[in-house]
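The values are calculated or read from the model by the stated rules, or taken from the named source; none is laboratory data. Everything quoted here is computed from the prediction, not taken from an experiment. Note: ideal-geometry Cβ built from the backbone for every residue, glycine included; neighbour counts use all protein chains shown. We work out accessible area using only protein heavy atoms, side chains counted, and drop any ligands, DNA or RNA first. Shrake-Rupley method; radii C 1.70, N 1.55, O 1.52, S 1.80 Å.
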Amino acid sequence: MNRRLLLATVAVALLALTAGCVGGGGPDEERLNEDATYNWSAQQDVSIDIANAGSLTSDAEFKAVYDVSGREELELYRSGITSDRPLRISAIKFRGENGTFVNGTDLDIERTDERLVVSLPSEDGKLAFTSETDPKELRLPAYIEGSYRVALPPDHSTEDFLLGHVSPRSGHRTETVDGRVNIVWSDVSSPVFLKYYVDRDRYFFYGLVVSLGLVALGGYFHFNRQIRKLKEMRKEHGLELDPEDDDGKQPPPGMG
């Protein structure tokens with residue numbers, strides 16, 4: 001009886017623990033109502049401003065503005081290995097063509113297992129939000145197709161072929177605006193993936209590569225020197241057999 005009671009208690013506890021992880025549930029209202037300043041005058045269909053690059057202990061933060069004209073809703077998500085998951089956002093705002101704003105929880109937002117679905121109050125306007133991504137990376141699905149502009153954090157670049165990456169690779173150009181590198185595409189229909197770095201990262205990386213190369217080279221010469229010493233010792237003790245004297249009939253040195 002006690003065993004049955006224990007099993008029932010554990011089952012109820014697991015059900016309560018997983019209840020918040022399964023199914024829909026609404027987004028964080030406090031985060032949605034946060035305030036943020038966005039660039040509503042961007043010419044591209046999608047404008048993304050990476051405010052900071054993040055660090056070992058914190059994620060990078062970016063602000064995104066989407067031209068959602070002609071749409072009734074926008075689905076926001078991140079692509080996972082086996083499934084998608086809703087994008088975690090804050091400070092969401094909609095700006096209509098007439099300049100009116102609808103902010104935060106005044107918008108109709110539904111969270112499902114895989115999507116954050118934002119119903120748009122008008123078919124003409126722009127939707128903006130703030131979100132987070134891995135440090136020194138930006139990886140986003142193409143929620144809408146069209147022209148894109150991504151502003152990297154100050155003093156960051158993607159040019160180094162080992163430390164940087166730009167995808168889609170074709171059709172993009174690089175501009176410098178107010179001292180910041182901007183990656184611009186005229187047409188995007190596939191996920192955007194950027195890896196960027198600051199100059200000190202490049203100095204550290206290549207300095208580390210050179211240092212490891214010198215250590216490996218030193219180890220190689222040390223090993224060769226030890227092998228030569230070993231051969232000389234074998235010759236001194238008569239253990240080194242000259243190949244020209246080896247007719248295959250003599251036993252190994254020290255065994256005769």
Review point. Expressed as a rounded percentage, what relative contact order does region 47-131 have, with Cα pairs under 8 Å and six or more residues apart?
Key: 37
Check your understanding: Sorted by mean Cβ packing within 10 Å, highest first, what order do the peptides 66-72, 47-53, 115-121, 76-82 take?
Key -> 47-53, 115-121, 66-72, 76-82
Review point. Can you give the extra length, in nm with one decimal, that the chain gains between Asp106 and Val177 once fully stretched, where that is 0.36 nm per residue apart less the Cα-Cα distance?
Key: 22.2 nm
Practice item. Work out, step by step, the length gained on full extension between Gln226 and Asn98: first 0.36 nm times the residue separation, then minus their alpha carbon distance; give nm to one decimal. Key: 38.0 nm
Review point. Which of the peptides 122-128, 175-181 is most tightly packed, and how do the rest follow, judged by the mean count of other Cβ atoms within 10 Å per residue?
Key: 122-128, 175-181
Check your understanding: Protein chains only, probe 1.4 Å: how do Trp185, Trp40 rank by accessible area, largest first?
Key -> Trp40, Trp185
Practice item. Identify all lysines with a Cα-Cα distance to Lys231 below 26 Å; exclude those on the same chain that are fewer than 8 residues away in sequence. Key: Lys249
Review point. For Lys63, which lysines qualify as cross-link partners when the Cα separation must be under 21 Å and same-chain residues fewer than eight apart are set aside?
Key: Lys93, Lys126, Lys136, Lys195
Review point. What full-extension length gain, to one decimal in nm, is calculated for Asp134 and Asp160 as 0.36 nm per residue of separation minus the Cα-Cα distance?
Key: 7.5 nm
Review point. Glu73 versus Asp124, label points 7 Å from Cα toward the beta carbon: distance in nm?
Key: 2.4
Point to revise | Computed FRET value (nearest 0.05) for Asp187 with Ser55, which takes r as the C-beta separation and R₀ as 25 Å | key: 0.15
Check your understanding: Sequence-distant or interchain residues sharing an amide H contact under 5 Å with Glu34, placed H: which?
Key -> Ala91, Ile92
